[in-house]
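All remarks here apply to the structure that follows.
The values are calculated or read from the model by the stated rules, or taken from the named source; none is laboratory data. Every value quoted in this text rests on a predicted model; they were computed, and no experiment measured them. So basically every Cβ, Gly included, is an ideal-geometry build from the backbone, and we count neighbours across all protein chains shown.
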There are 2 protein chains.
Amino acid sequence: MPRTKASYDVFSAIGEPKRRIIIEQLIQKEMTVNELVAELSWSQPAVSKHLAVLRQVDLVSERRAGRFRFYRVQPRELKPIQEWIHQFEKYWGGSLDQLDTYLQELRLGMNNDKH
Amino acid sequence: MPRTKASYDVFSAIGEPKRRIIIEQLIQKEMTVNELVAELSWSQPAVSKHLAVLRQVDLVSERRAGRFRFYRVQPRELKPIQEWIHQFEKYWGGSLDQLDTYLQELRLGMNNDKH
DNA sequence: ACTATATATTCTTATATAGGAATATATAAG
DNA sequence: CTTATATATTCCTATATAAGAATATATAGT
């Protein structure tokens, strides 16, 4: 972002739609750069550059095998985003399970007035 | 982003750290622009512009009262992000509740081999 | 009507960065 | 050693956009 020190963090890395597409591909199985190029019909440098950004924030890792580099997602690195979103879920009833919400409230001691 | 049609979507809107800070503020209570300016010590135009972006993607709404504009978060608009993240949680054991995961698997019929 | 206040917008500028073309690097194959 | 293949990097350019300054707009108060 202009006039901001702003290098990449996980949030801005997935702010770019194409990088989300790469993550969606790589969650299925590890893939080489050219496999991604073939699958997505983007230029090879474009794919490599997006992968480089994802690597910078550890959202993907690389396994080298001869000339090939297999990329895979490191899904755990998405956790900060999940946690950031999670703090707002209670404001929209967005927890994916009602019981889960109930247990969270128990943990937080927010449930004392309910039997 | 350069050379991309890319106007704002919810993902890129929260890719900007300052906009996440605004959302964190406004989730507590609705606030006017100047209240945010006072709280965050940013310039007024900076706050207004970030609010404008958040409004474009409906992450905040505005209530006018005289000269004031009260902004509040529309947390439900974060749901696409939650859902996008959610599809990856199973790859890191990231569901916030084990029981929740269990129930999800039941729903998905992925649990037939367990008692 | 005039002034003050709250906020948005416009204009400008600096910078980040996505994408393409060309090139570099690394490794494999012959 | 030469060539082919896989990938990264460099160089360039167009564009998006964050931030500041100045200004516009809207409303309230006098």
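Being at pLDDT 95 or above, polar (S, T, N, Q) and more than 29 Å from residue A:17 (Cα to Cα) narrows it down to one of B:61, B:43, B:48, B:12, so name that one.
One residue alone meets the criteria, B:43.
Enumerate the pairs (first residue in segment B:35-57 and under 17 Å from residue B:73 (Cα atoms); second residue anywhere and within 11 Å of DNA strand D (Cβ to nearest atom) and aromatic (Phe, Trp, Tyr)) with beta-carbon separation below 6 Å, excluding pairs fewer than 6 apart on the same chain, so at least 6 apart or on different chains.
Cβ pairs passing all conditions: B:53/B:8; B:56/B:8; B:57/B:8.
Which is within 11 Å of another protein chain (Cβ to nearest Cβ) and not acidic (Asp, Glu), of B:20, B:69, B:64?
Every option except B:20 fails the conditions.
Can you find a residue in segment A:73-86 that is modelled with pLDDT of 95 or more, among the polar types (S, T, N, Q) and near DNA strand C (Cβ under 9 Å from one of its atoms)?
Within segment A:73-86 (the criterion being modelled with pLDDT of 95 or more, among the polar types (S, T, N, Q) and near DNA strand C (Cβ under 9 Å from one of its atoms)), the answer is no, since none of the residues qualifies.
Just checking, which of A:19, A:55 is at negative phi and away from DNA strand D (no atom under 11 Å from the Cβ)?
A:19
Give the residues of segment A:29-39 that are away from chain B (no Cβ under 14 Å) and either away from DNA strand C (no atom under 16 Å from the Cβ) or touching a Lys or Arg at 6+ places or on another chain (Cβ under 8 Å) (or both), sorted by residue number.
The answer is A:31, A:32, A:33, A:35.
Just checking, how many residues over segment B:3-28 are away from DNA strand C (no atom under 14 Å from the Cβ) and out of contact with any helix residue (DSSP H, G or I) (no Cβ under 9 Å at 6 or more places or on another chain)?
Result for segment B:3-28: 1.
Could you check how many residues of segment A:45-66 are within 19 Å of residue B:2 (Cβ to Cβ) and among the polar types (S, T, N, Q)?
2
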